[in-house]
Every structure is written in C-alpha cells, then in structure tokens.
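Take a look at the structure below.
The values are calculated or read from the model by the stated rules, or taken from the named source; none is laboratory data. In this text, all values refer to a predicted model and were calculated from it rather than measured experimentally. Virtual Cβ from ideal backbone geometry, glycine too; neighbours counted across all protein chains shown.
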Amino acid sequence: MERPPDRFVQFVVKTSKLCNLRCRYCYEMEELGNKESMRLEQLRQVYRHIRDYYTTIDGRDGRRTDVRFIWHGGEPLLIDPAFYWSTFSDQEAVLGDGLGRTNIVQTNLTVLDDARLRLLRDGFDSVGVSIDVFGGLRVNIAGRDQQDRVLEHMDVLRRERIAFSCITVLSRRNVKHVDTICRFFEQSRIPFRLLPMFDGATAEQNADFDLDTGDILGALCAVADRWLQSDGHLQVEPVDEAIRVVVDHLAGAPPRYFDKRAWTPTILVNTDGECYSLGDPYGDPAFSLGNLFTTPLTAIMAGERMERSCRAAEERMELNCSRCKYFGSCSGYPIAEDRSSGRETRQDGIQVCVVARGLHEHIERRLREAAMVGAHGRLHLPVQTVARPVAADAAAAFAKEEFAPHQPHPRSP
Ligand code: SF4
C-alpha cells in the first residue's frame, strides 16, 4: 500500500501575471497586463527537476515528500481550465506514485463558470480566496470594488461543497476592523490568514495604505484576544501558530528548529522560471536561486545563491532567536524565512523579529492574566483545549464535516 507523505515542500507557481483586477497594493502591479504564461512543456521540465531531486532525498532518508503546487498569479483562473487539466496529467505522468502531490489555487474568485467550478471541485485539492472584507482596495481596472461578486462566488463554492480558506491583506484601510473581520470568518467558519501587506511595486504605491510593525503587532494581538475568547470556530494564521508556540513553550514540549539547509519548505517559481526563496527579496534577479526551466533542482539547491540565502537566514536566526525565550517552541522560521512575519530593519541593516516575538509575549501575558499558567510556568489547561488544527489543512475537514450546505455566510458589514 502507498505510504502517506510525512513531509511537504511548496512550489508557489506564478503561472502568469495577467489579472482582471488592480488591487491597489499588488506587488505585481506593473505586470498585471502581461499575457505571457508558463508553457506546458516548461512545467513538464519543472516536474522532472522536482522529481529527480525529491526522489533522491526520499531514497536516502526513507521518508516520503508531498509536493504542493500553489498556483498563483496574477489571477490563475483567467487561464483556460484545459491548461490545468493537461498539467495535472503531466504531473501524474512525471511524478508517478513515488511522491505525493497536492494542487492548491490562490484566486481572486471574480471569474467563475461551470468549467472553473469543475476545476475547483475535481482538479485542485484546495482553494484559497483573497478577500479583505473592509478597505475597498480590491478593485477592477475601472477602479470598482469587486467584493460583492467575490462574496456571491464564495456562496457558490459553499453550495457546491468546495472547500476553501481565505487570505485577508491587512492594510491601513482595514486594520481598525480586525475584530469584525474575525467575527465574519468565525461566523462563516472559514479559516483565514491575516497577511500584512507586502512592499508595493514602487515606493509610492502603498504610501496611503501601509502599516508599520507596531500597527501589525497591535492588530495581531487584538486577533489573539478574540481567539482566546472564541467558541473554537475562529481559525486564523499566524495566530493559530503563535498560540501553539506559546503553549509548547509553557508545556515544555520537545524543541524543533528551522534548518533551511536540511529542508527548504517553500520555493517561488516566477513566470520566467527563476526561483526565489521566501526569505529573500522576490523578483530581484540578484536573488534568483536559478532557473527551474533550464537547471536541475539539485544544481539550484547546491548553488552559490542558495548558500548565500541559507547563510542570510542563519544570520537572522543567530541575531534574533539565540536570545529569544521562545526559540525551540518557535522554530525560528518567522525571522529566517517568512517575510510576511513583520521583520523590522534597523539602521545598521540588521533585521529584527518584532511581530512574531511580540505576539508570543502578548499571548503568554494573556494566559497568565487568565490564571492559566501555574507557579512553575506550566499550563493549567490540557494542551488540546487550545491547540487546534492549522487553517490550511483544516479547510477540507471543515467542508466535509461542518459546512452547512445551502447556508449563506453572513454578509460582510
Ligand atoms: S519569535 Fe522571532 S526571535 Fe523568537 S524564536 Fe521565533 S523567530 Fe526567533
């Protein structure tokens, strides 16, 4: 019998930058009209390179890797569904049964027809929908907010029992509404990620919407407070993970450390095949790890660029994590690799973990205030009362077990 995968790697595939929206903060803004797309043959080559690299590693250590393809853009559903069915067949032919494979699409959900519904239901394993709930920044080319259409389509997905989670970009336009945003997702029972806005395509682009790390930390602390009072249906990253870290810290759980050299969990593949590590500046050719259309992944992972990327991640961990009491419960991943986690760059160029550490401290303080932490720093509650599934993996379970069919989600205010 086929063994289930026991680890995963994610490839964020920028199939095409073409998009029907012009979300005001989009870091791809300058390329959203570009119709260029990855070709099937190029993707076949990507699969071959991935297969060769991970089957070798699995053969060495006896584990089994699930390769997760996150189809990204632009708007990936503007591409003809036939393209995805073809590339899924190619995956099957090239990857075979040796590796696990999962296909996830991140969509603005503004374009939905029967062919795309079938693709979302029977082709992709998981769906991520972008919706900000407040702010009016997700607009079409004419500048009109598209949220009502997205909400209608979310209702269609629910009627069709298609599992999905959401990503909400946190900006100055919706930061005051985080509590209502949480209530919206909690009542809808939709897991979501609150993602602080990335830098724009130009320095000026996000001047009106940007947040500093203090604002981001304040918003996430407010979300954590709501989480701690919720009835169990609020699933929100990165707060779910931060609560797990603090619970593990207080419970003295076995340590775990992020080691990018041993395992790089996410690689971004740009439309031209150039690869980027999540911790490095995206799209800057100086930081490309190599081209996955033309270069074996084995060579990319052993290359000088990858070595530089690993060293930079290790330096950030050394400067931050070695003095952090949560290190071991927190693997160090937020400062090593996650650019969305709220790093602050000091004047001397050193990047400081402000948001993740501040969030952990806030959660611990709240647990102590609620007398959940005993005299020796141990948690009074059984761990399972606060440790809940991670949003992405919970979406499918939600859809199968807990979604009430034909019941529309509450409208956003
Ligand atoms: S909270 Fe930040 S500094 Fe502390 S271990 Fe995690 S990443 Fe490192």
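Of note:
- First in the range 322-335 and on the phi > 0 side of the Ramachandran plot and of a type in the set (Phe, Trp, Tyr), second anywhere and more than 8 Å from the ligand (Cβ to nearest atom) and not in a loop (DSSP other than H, G, I, E, B), Cβ under 9 Å, 6 or more apart: none
- Selection within the range 77-92 - in a helix (DSSP H, G or I) and of a type outside the set (S, T, N, Q): LEU77, LEU78, PRO81, ALA82, PHE83, TYR84, TRP85, PHE88, ASP90, GLU92
- When each of ARG101, ARG48 is tested for being more than 30 Å from CYS182 (Cβ to Cβ), surrounded by fewer than 18 Cβ atoms within 10 Å (Cβ to Cβ) and among the basic types (Lys, Arg), the lone residue that passes is ARG48.
- Candidates ALA262, ALA286, ALA253: the one that is more than 26 Å from TYR27 (Cα to Cα), more than 16 Å from the ligand (Cβ to nearest atom) and more than 20 Å from the chain's Cα centre (by Cα) is ALA262.
- Those residues of the range 336-359 which are in contact (Cβ under 8 Å) with a residue 24 or more places away in the chain, more than 9 Å from the ligand (Cβ to nearest atom), surrounded by fewer than 20 Cβ atoms within 10 Å (Cβ to Cβ) and not in a helix (DSSP H, G or I), in sequence order: GLU344, ILE350, GLN351
- Filter result (modelled with pLDDT of 95 or more and among the acidic types (Asp, Glu)) within the range 28-45: GLU36, GLU41
- Verdict on TYR25 being at pLDDT below 95 and over 19 Å from GLU274 (Cβ atoms): yes
- The residues listed here are GLY33, GLY74; of these, the one that is part of a loop (DSSP other than H, G, I, E, B) and in contact (Cβ under 8 Å) with a residue 40 or more places away in the chain is GLY74.
- Test for ARG48: is it assigned to a helix (DSSP H, G or I), of a type in the set (D, E, K, R), under 22 Å from THR295 (Cα atoms) and at pLDDT 95 or above: yes
- Inter-residue pairs, beta-carbon under 7 Å, first under 13 Å from GLU92 (Cβ atoms) and in the range 40-54, second outside any helix (DSSP H, G or I) and hydrophobic (A, V, I, L, M, F, W, C), 6+ apart: ARG51/LEU99
- Residue satisfying all of: in the range 295-331; among the hydroxyl-bearing types (Ser, Thr, Tyr) and part of a loop (DSSP other than H, G, I, E, B); nearest to the ligand (Cβ to nearest atom) among these: TYR326
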